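Here's the structure, in structure tokens; my notes come after.
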Amino acid sequence: MSQFFQIHPETPQLRLVKQAAEILRAGGVIAYPTDSAYALGCLIGNKNAVDRIRQIRRLDDKHNFTLVCRDLSELAIYARVDNTQYRLLKSHTPGPYTFILQGSREVPRRLMHPKRKTIGIRVPECNIVSALLNELNAPLMSCTLQLPGDDQPMMDPYDIRQTLESHLDLVIDGGYRGIEATTVVSLLNESPEILRSGKGDTSAFQ
């Protein structure tokens, strides 16, 4: 049965953030709020936890996972970024965007697209996520909490606990979230390409 932490969205309680970080370090899978929808997350190097997320979402090995990073300096460790890409990222982070980039050698192969070696990178504008990432001193492997057969992400932390409490180690209640997932933008070519329109202004990518 999962634990359930009510963490304040503006002023996260450090005690609970530290406990959440310990659950992740122990191999846990969590549901947590972002600046768009709720997401599933685990530590980047934990293969068992990644496999559990695949099972919850019923994802195949072609799914692009997302690395949730604290800032652009951390992002640049896990993705290859040129000057043009960096300027675009700087003007849209933190924010509700996922950027598809070429992964670096720091990213485990199992997290990247098996043929293209790409990875989704994200820097959310969310105090809970920022506090958790600062405590972990490492990125989260993440994907939107949208269950198989559903046409939108889960938005109610109590519904998440009721539905997935036997599959998760922790549900972080950061309040209700919207049903819009992030906007996904590919930066693999010369011009940005919107792969999924979601939350956030997309005019700069068109």
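Only the coordinates and a few stated rules stand behind these numbers; no lab work does. Computed from a predicted model, the values in this text were never measured in an experiment. Virtual Cβ from ideal backbone geometry, glycine too; neighbours counted across all protein chains shown.
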Scan the chain and hand back the longest stretch that contains none of the GluC sites (Glu not before Pro) lying in DSSP loops with at most 11 other Cβ atoms within 10 Å.
11-189
Rg followed by Dmax, in Å, when region 37-106 is reduced to its Cα trace:
13.4, 38
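Rg over Rh of region 77-159, using C-alpha atoms and the Kirkwood radius, what does it come to?
0.99
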In vacuum, with every alpha carbon of region 95-206 counted as one equal point scatterer, what does the Debye formula give for log10 I(q)/I(0) at q = 0.10, 0.16 Å⁻¹? Two decimals, please.
-0.36, -0.93
Provide, in order from the shortest bin, the percent of all Cα-Cα pairs of the chain in each 10 Å bin, continuing until the bin that contains the maximum pair distance.
9, 38, 39, 13, 1
Over the chain: helical MRE at 222 nm, DSSP H runs n ≥ 4 each giving -39500 (n - 2.57), nearest 500:
-8000 deg cm²/dmol
Which value in nm describes the separation of the simple spin-label points at Ser104 and Leu147, placed 7 Å from the Cα toward the beta carbon?
3.8
5 angstrom amide H check on Thr98, placed H, neighbours 5+ away:
Thr183, Val184, Val185
